[in-house]
Amino acid sequence: MICVTGDLHHQSLGTENQRHSDRPEIRCAQDALHLFEQAGVKVTFFVSGLAFAEEWDRLEPVATHPLVELGGHNWNCLSPTWLHRVFRKALGSYNGPAWYQDLDVRLTQEACRRRTGREIQVWRNHMYMHGPHTDRVLAAREIVLCSDGVDRTATGPRWHPAGLWHFPLNVMPDHEHLYHAERTREWVTRWQRRYRWSDDFGPDSYDPPEWTDRVLQQLADHEDRGVISCMILHPITMYLADRYESLKRIVRYLATRRTAWITEALPPAREEAP
């Protein structure tokens with residue numbers, strides 16, 4: 001089983017990817033969904049609340065598509081940055097205090113419900129940010145699974161005592177490991193020198209063909225070991241990297257395998273979780 005996921009941000013966020021792209025991010029999601037549709041690939045899109053509020057005309061064909069499961073990706077993607085830096089310094093929680101996180105989840109759920117009539121039950125924080133109050137807040141808002149972080153040893157969802165499941169990415173992410181947009185070799189080298197950044201797949205970035213080879217090999221290795229894969233494909237990143245050529249390679253592989261929404265990876269008796 002392969003859980004394909006992607007994060008979709010409102011255009012007004014002004015990310016570096018958005019600034020480098022001649023297509024709006026949600027338009028890129030439409031493009032990616034067209035490829036998924038041709039191959040019958042299911043996808044879970046984690047969408048910011050403001051994307052529902054500000055870009056419904058673009059988002060509607062994505063959010064209402066039968067192959068798409070919707071998750072939350074914060075109301076405004078943890079902006080403005082300065083406020084969350086204050087939260088981290090003063091409270092030890094970049095995501096903010098519990099009441100602030102609760103408001104963030106509620107606004108996102110309401111925006112999705114108002115536009116689609118569907119309930120958000122899964123969540124991924126922007127930049128995988130996960131704080132001391134996050135699990136309790138999400139569980140209280142009836143979120144059943146959170147997909148924050150990167151853990152190459154994960155074999156499937158894990159129960160958290162706060163009352164929900166965790167399923168981090170266990171396939172190499174695209175944005176952090178793929179040369180694209182501003183993330184040139186020179187940019188990544190400067191970034192590494194300054195921050196010594198690394199995740200569970202190491203510090204390196206790759207050209208699109210090599211990154212794609214590595215992802216496909218990881219998917220095959222997981223299949224051999226009976227591991228449920230949880231992967232991320234940002235449509236706008238795939239567009240900026242090589243105009244979807246790597247995405248097309250991955251989709252051709254996914255078309256030969258079982259893909260599933262991330263909620264379908266949960267144990268059948270999850271109401272009786274330990």
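Scan the range 187-209 for residues that are over 16 Å from His175 (Cβ atoms) and surrounded by 15 or more Cβ atoms within 10 Å (Cβ to Cβ) and report the count. Before the answer, list the steps.
First, the residues of the range 187-209 that are over 16 Å from His175 (Cβ atoms): 189-190, 193-194, 196, 209.
Those left that are additionally surrounded by 15 or more Cβ atoms within 10 Å (Cβ to Cβ): none.
Adding up the residues that qualify gives 0.
Would you list the helices (runs of 4 or more DSSP H) that sit entirely within the range 163-261 and hold 2 or more residues that are free of Cβ contacts under 8 Å to residues at least 40 places away in the same chain and within 24 Å of Val43 (Cα to Cα)? So that I can check it myself, show each step before the final result.
Numbers: elements: 185-195, 208-225, 235-242, 245-254.
Helices (runs of 4 or more DSSP H) meeting the threshold: 208-225, 245-254.
Select, from Arg58, Arg27, Arg85, the only residue that is of a type in the set (Lys, Arg), surrounded by fewer than 16 Cβ atoms within 10 Å (Cβ to Cβ) and at pLDDT 95 or above. Reasoning before the result, please.
Values: Arg58 fails: surrounded by fewer than 16 Cβ atoms within 10 Å (Cβ to Cβ); Arg27 fails: surrounded by fewer than 16 Cβ atoms within 10 Å (Cβ to Cβ).
Matching residue, one of Arg58, Arg27, Arg85: Arg85.
Checking the structure you have, find out if any residue of the range 90-106 is over 19 Å from the mean Cα position of the chain (by Cα), assigned to a loop (DSSP other than H, G, I, E, B) and charged (D, E, K, R).
The answer is no; no qualifying residue exists.
Hey, any hits in the range 147-159 for a residue that's more than 21 Å from His20 (Cβ to Cβ), hydroxyl-bearing (Ser, Thr, Tyr), under 16 Å from the mean Cα position of the chain (by Cα) and assigned to a loop (DSSP other than H, G, I, E, B)? Step through it out loud before you land on a result.
Initial filter on the range 147-159 (more than 21 Å from His20 (Cβ to Cβ)): 147-159.
Right, trim to hydroxyl-bearing (Ser, Thr, Tyr) and you get 147, 153, 155.
Now restrict to residues that are under 16 Å from the mean Cα position of the chain (by Cα): 147.
Filter once more, so that each one left must be assigned to a loop (DSSP other than H, G, I, E, B): 147.
Yes: the range 147-159 contains one or more residues that are more than 21 Å from His20 (Cβ to Cβ), hydroxyl-bearing (Ser, Thr, Tyr), under 16 Å from the mean Cα position of the chain (by Cα) and assigned to a loop (DSSP other than H, G, I, E, B).
Look at Arg85 and say whether it is touching a Phe, Trp or Tyr at 6+ places or on another chain (Cβ under 7 Å) and not aromatic (Phe, Trp, Tyr).
Numbers: touching a Phe, Trp or Tyr at 6+ places or on another chain (Cβ under 7 Å): no; not aromatic (Phe, Trp, Tyr): yes.
No; evaluated as a whole, the condition is false for this residue.
Only one of these is among the β-branched types (Val, Ile, Thr), assigned to a loop (DSSP other than H, G, I, E, B), touching a strand residue (DSSP E or B) at 6+ places or on another chain (Cβ under 7 Å) and within 14 Å of Ser48 (Cα to Cα): Ile143, Ile120. Name it. Before you say what the answer is, go through the steps one by one.
On the way: Ile143 fails: within 14 Å of Ser48 (Cα to Cα).
Only one candidate qualifies: Ile120.
Tell me which of these Asp148 doesn't satisfy, since it passes every other one: (1) within 30 Å of Gln217 (Cβ to Cβ); (2) in contact with a Gly (Cβ under 7 Å, 6 or more places away or on another chain); (3) free of Cβ contacts under 8 Å to residues at least 40 places away in the same chain.
(2)
The values are calculated or read from the model by the stated rules, or taken from the named source; none is laboratory data. This is a predicted model, so every value here is computed, not measured. Neighbour counts are summed over all protein chains in view; Cβ atoms, including those assigned to glycine, are modelled from backbone coordinates with ideal geometry.
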